[in-house]
Amino acid sequence: MSSDLDRFPLPDAILFDLDGTLVDSVETRIDAWLRTFEEVGLPATREQLAPLIGLDGKRLAMEVAAVAGTPIAEPRAEEIDHLAGEIYEKLNRDPRPLPGVRRLVDAIEQRHIKWSIATSSRKAQVATSVAALGLAGEPTIVDASHVKHAKPEPDLLLLAAEQLDVEPGRCWYVGDSTWDMVSAVAAGMIAIGVTAGSAVDSVALVGAGAAAVVPTLDVLTEALLSR
């Protein structure tokens, strides 16, 4: 699989999604949304929510409400998103990093490539998951609180590239959701899907714009070290 990545020049920066990409937390996200919708009286199923994980929370709430036949305005969607974040934080007590995170970070730094995390999660939810990565220092993080429009809009990724002082076209964006891929393409970055912690398969990621899909972070590491 590393040969797929060999088609691309080494990036000046690699940006990462967090949930489902670096941290094995997608199922916790789904559980939090299921509890949230039960609490607010909106029907939702795991099968319905799985492909929506990674989407901006307000848009996710509005999508579920629309399907339920009870459309909601943005202020109500904001309230529901905030509740989902609170429930997620209570559930996300022992997040586990996906295999290969620390080795990948070491390889990135060994190659002198800049990197950061660009996530649609709320700022209050990020700390627990980032701490679980067990990194030597705190990485640069751009979260949903920094932009008006999160994924699938490109704003989050463009801001992350700007903060690293790297042109978007010289960035790889690594994520596990279709929304990650859509956002990366919109930002003009090389979109790389990883399926180890994803709620969707490689076909869905390619369909959303992934230029390459790898099964694990270790494949990405090997691609960097072999260059």
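When the test is whether a residue is part of a helix (DSSP H, G or I), open to solvent by 40 Å² or more (accessible area, probe 1.4 Å) and free of Cβ contacts under 8 Å to residues at least 60 places away in the same chain, Ala186 passes it.
Asp17 satisfies every condition listed in (1) closer than 24 Å to Val182 by Cα; (2) open to solvent by 20 Å² or more (accessible area, probe 1.4 Å); (3) charged (D, E, K, R); (4) under 20 Å from the mean Cα position of the chain (by Cα) except (2).
In region 165-176, what residues are open to solvent by 10 Å² or more (accessible area, probe 1.4 Å), within 24 Å of Thr216 (Cα to Cα) and not in a helix (DSSP H, G or I)? Of everything in region 165-176, nothing turns out to be open to solvent by 10 Å² or more (accessible area, probe 1.4 Å), within 24 Å of Thr216 (Cα to Cα) and not in a helix (DSSP H, G or I). Just to be sure, is Ala199 in contact (Cβ under 8 Å) with a residue 40 or more places away in the chain, under 12 Å from the mean Cα position of the chain (by Cα) and open to solvent by 30 Å² or more (accessible area, probe 1.4 Å)? Spelling it out, Ala199 is indeed in contact (Cβ under 8 Å) with a residue 40 or more places away in the chain, under 12 Å from the mean Cα position of the chain (by Cα) and open to solvent by 30 Å² or more (accessible area, probe 1.4 Å).
Applying the criterion of being of a type outside the set (A, V, I, L, M) and in contact (Cβ under 8 Å) with a residue 24 or more places away in the chain to the residues of region 142-164, the residue that is surrounded by the most Cβ atoms within 10 Å (Cβ to Cβ) is Lys151. Which numbered condition trips up Ser129, out of (1) under 15 Å from the mean Cα position of the chain (by Cα); (2) surrounded by fewer than 21 Cβ atoms within 10 Å (Cβ to Cβ)? Unmet condition: (2). No other residue among Asp19, Asp31 is in contact with a Gly (Cβ under 8 Å, 6 or more places away or on another chain) and among the acidic types (Asp, Glu) apart from Asp19. I need the full set of residues from region 53-80 which are part of a helix (DSSP H, G or I), of a type outside the set (Gly, Ala, Ser) and open to solvent by 20 Å² or more (accessible area, probe 1.4 Å), in order please. Within region 53-80, Lys58, Arg59, Met62, Glu63, Val67, Glu74, Pro75, Arg76, Glu78, Glu79 qualify.
The values are calculated or read from the model by the stated rules, or taken from the named source; none is laboratory data. What you see is a predicted model, and the numbers here were worked out from it, not measured in a lab. Note that each Cβ is placed from the backbone with ideal geometry, even for glycine, and that neighbours are counted across all protein chains shown. We work out accessible area using only protein heavy atoms, side chains counted, and drop any ligands, DNA or RNA first. Shrake-Rupley method; radii C 1.70, N 1.55, O 1.52, S 1.80 Å.
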